[in-house]
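K.L.:
Structure below; questions to follow.
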Amino acid sequence: ERIMSKPKIAVVGHSDVGKSRLINSLIGSEKMPTSWTPTTAITVYIKHISDRPSYIEEEAWVFKASVDNVFGWDDKKLNDEEYCRKWKLAGGSADILKNYGTRQGEMYGKSEAGAAVVFVDSEFLKNCDIVDLPGFGTGDSIEDDAMASRAKEFADVLIYMSHAGQFLQGTGIEYLKEVINALKVIEKKNENSLKPLSNLFIVASHAHTVDGGNLK
């Protein structure tokens, strides 16, 4: 299962930089909740609908932040029904992410949500999984910063988004220094023609100011 797993693309950056908006553009549907205030408050794994195990009938499941003092649901155990049911907090359509996974949601602060998985019928997701992480560096949540920090260790490809008007300042530069040392090495001499850091993308985003933040 480890060898056959699809590469993970992690999208990271400060809050309100447009990560969820970028993901929706990539997958071709408005599954990830977006707004022009900091939104995503949990780690969301976006997978192709064909990756959904038979025991999961809903479009999305939300998982607890911890179980038995173990922090973080392990997406590599998605096919372990007993494990996932133990971690499950709620299930439903993708709209459930708004309630449990955003700072504007009804259940934000009232539940112990830490992660979610949503299954989408998207051509893009046939070749990879996407991981949407909470914004970091705002000082609002130590847990958010920790999740973003771990992204550089589990991600096969990392997309770092930065506000174009404040491009790569302070914490962003420090984060990328860590990324360069920790990101997986995918180039192999005599085996592929990939250049070093081919799996690191830095995106300047002006999404929060375009058309007043409205999507027609």
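K.L.:
Normalized C-alpha radius of gyration of region 44-100, against 2.2 N^0.38 Å?
P.N.:
1.08
K.L.:
Show me the ranking of peptides 186-194, 44-52, 119-127 by mean Cβ neighbours inside 10 Å, starting with the highest.
P.N.:
44-52, 119-127, 186-194
K.L.:
Give the peptides 16-29, 65-78 in descending order of average Cβ contacts within 10 Å, highest first.
P.N.:
The peptides rank, most packed first, as 16-29, 65-78.
K.L.:
Moving on to the next point. Taking 18 Å as the cut-off for C-alpha to C-alpha distance, list the pairs among Lys47/Lys77; Lys126/Lys188; Lys47/Lys76 that go past it.
P.N.:
Lys126/Lys188
Bear in mind these aren't lab numbers, they're just calculated from the coordinates by the rules spelled out. Keep in mind the model is a prediction, meaning the values are calculated, not measured. Cβ atoms come from the backbone with ideal geometry, glycine included; neighbour counts cover every protein chain shown.
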